């Protein structure tokens, strides 16, 4: 999709993604994987080189995905010196919900958006001998502890509360997200794009 933009050189046509990036808006949509994480890294690098003080807004509509890729995005957000605000458009599930909840410069949801938390899963069918399966089980437990630690850190909830909330697919409405400490404010679309 293209948009027309007026400038001193007249009217130019550009991809809508380029226009939104120039407004410091990044979209995290679809499944979280390594390709997405690298794309977000490139976009954040570009914006930080231009201006380290003006906030970057990340708009999330994702069912989640790879924990490794999600943790890369988490590290980008939390080790850059540019403020990053998080917005939930629709649904943020699994790793996407963790990323959304980790926003330290504002976490905003639309009235009918929702978050979903659960324990990390295997993702693909696993085969192997009992020793391999035991190793995979230990690895999953470590990932669960790591993710739950991040949720404790960013929500102010106890470890026991987070363990319970992630023990099954737990859906949170916008209001429930605010009450649980996953979200700061419920906003309308006009407020969302107004920054």
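Using 0.36 nm per residue of separation minus the Cα-Cα distance, give me the extension gain between residue 42 and residue 80 in nm, one decimal.
Numbers: separation 38, 0.36 × 38 = 13.68 nm, distance 1.29 nm.
The residue 42-residue 80 span can extend by a further 12.4 nm.
The packing ranking of peptides 23-33, 49-59, highest mean first, is 23-33, 49-59, where packing means the average number of other beta carbon atoms within 10 angstrom of each residue.
The candidate values are (i) 1.12; (ii) 0.99; (iii) 1.42; the one derived from this structure for Cα Rg over 2.2 N^0.38 Å carries the label (i). Using only helices, what value at 222 nm comes out for the chain when you add -39,500 (n - 2.57) per DSSP H run of length 4 or more and divide by the total residues, to the nearest 500 deg cm²/dmol? Helix contribution divided over all residues of the chain: -14000 deg cm²/dmol.
DSSP beta bridges confined to region 18-194 are antiparallel in about 15 percent of cases.
Approximating the spin labels as points 7 Å out from Cα along Cα→Cβ, the residue 68-to-residue 53 distance works out to 4.0 nm. Of 108, 138, the sequence from fewest to most neighbouring Cβ atoms within 10 angstrom is 138, 108. Measure nothing but the geometry: give the 0 to 90° angle between the long axis through the Cα atoms of 34-50 and the longest principal axis through the Cα atoms of the chain, rounded to 10°. Orientation of helix 34-50: about 40 degrees from the principal axis. The relative contact order of the chain comes to 17 percent, based on Cα pairs under 8 Å that sit 6 or more residues apart. Modelled spin-label separation between residue 18 and residue 164, with each label point placed 7 Å from Cα along the Cα-to-Cβ direction: 5.3 nm.
Relative to the longest principal axis of the Cα atoms of the chain, helix 130-155 runs at roughly 50 degrees.
Take the Cα of residue 6, step 7 Å toward its Cβ, do the same at residue 173, and the gap between the two points is 4.3 nm.
No lab work stands behind these numbers, since they all come straight from the coordinates. These numbers come from a predicted model, not from an experiment. Every residue, glycine among them, receives a Cβ derived from its backbone with ideal geometry; neighbour counts consider all protein chains shown.
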